[in-house]
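> Pasting a structure below so you can have a look.
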Amino acid sequence: MENVLWGRLSVEVRSEVDSLVSAGRNVQAIAVMRDRVGLPMPSLHECVDLVDQRFSVLRQGPTYS
């Protein structure tokens, strides 16, 4: 997935964000991103966009080659 903010997150944070988004806890997912990404802190808009993208990706399920 091509997203600058997603690329800045560690594997552990990505996993936590995905778990929160899957559980419908978008506000908590945004808080985790903003708390753990470091500086510069992402805007709320960037975080909301990423949550929307992750929701779409997770809803589609795994893709196999």
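The values are calculated or read from the model by the stated rules, or taken from the named source; none is laboratory data. As the structure is a prediction and not an experimental result, all values here were calculated from the model. Glycine also receives a Cβ, built like all others from the backbone with ideal geometry; neighbour counts cover every protein chain displayed. For accessibility, only protein heavy atoms count, side chains too; no ligands or nucleic acids. Shrake-Rupley method; radii C 1.70, N 1.55, O 1.52, S 1.80 Å.
> Could you provide, to the nearest whole Å², the per residue accessible area of the stretch 1-62 with probe 1.4 Å?
Details: 4010 Å² over 62 residues.
Value returned for the stretch 1-62: 65 Å² of accessible area per residue.
> Pairs of alpha-carbon atoms within less than 8 angstrom and 6+ residues apart define the contacts here; what relative contact order does the chain have, in percent? Please list the in-between numbers first.
Numbers: 41 pairs, mean separation 23.1, N = 65.
Rounded, it is 35 percent for the chain.
> Given only helices, namely DSSP H runs of n ≥ 4 each adding -39500 (n - 2.57), what is the per-residue ellipticity at 222 nm of the chain, to the nearest 500 deg cm²/dmol? Can you show the working numbers first?
Numbers: 4 runs with 45 residues, N = 65.
Mean residue ellipticity, 222 nm, calculated: -21000 deg cm²/dmol.
> Could I ask something else about it? Taking loop as defined by DSSP and a crowding limit of 12 other beta carbons within 10 Å, which chymotrypsin sites (Phe, Trp or Tyr not before Pro) in the chain fit? Working shown, then result.
Working: sites: Trp6, Phe55, Tyr64; in loops: Tyr64.
Passing sites in the chain are Tyr64.
> Continuing with this model, one more query. Give me the percent of the accessible area of the stretch 1-55 that comes from carbon and sulfur atoms, probe 1.4 Å, all protein chains in place.
On the way: 1860 of 3420 Å².
Roughly 54 percent of what the probe reaches on the stretch 1-55 is carbon or sulfur.
> Taking every eigenvalue of the Cα gyration tensor of the chain, multiplying by 5 and rooting it, what semi-axes result, largest first, whole Å? Spell out each step's value before the answer.
On the way: eigenvalues 71, 33, 23 Å².
Result for the chain: semi-axes of 19, 13, 11 Å.
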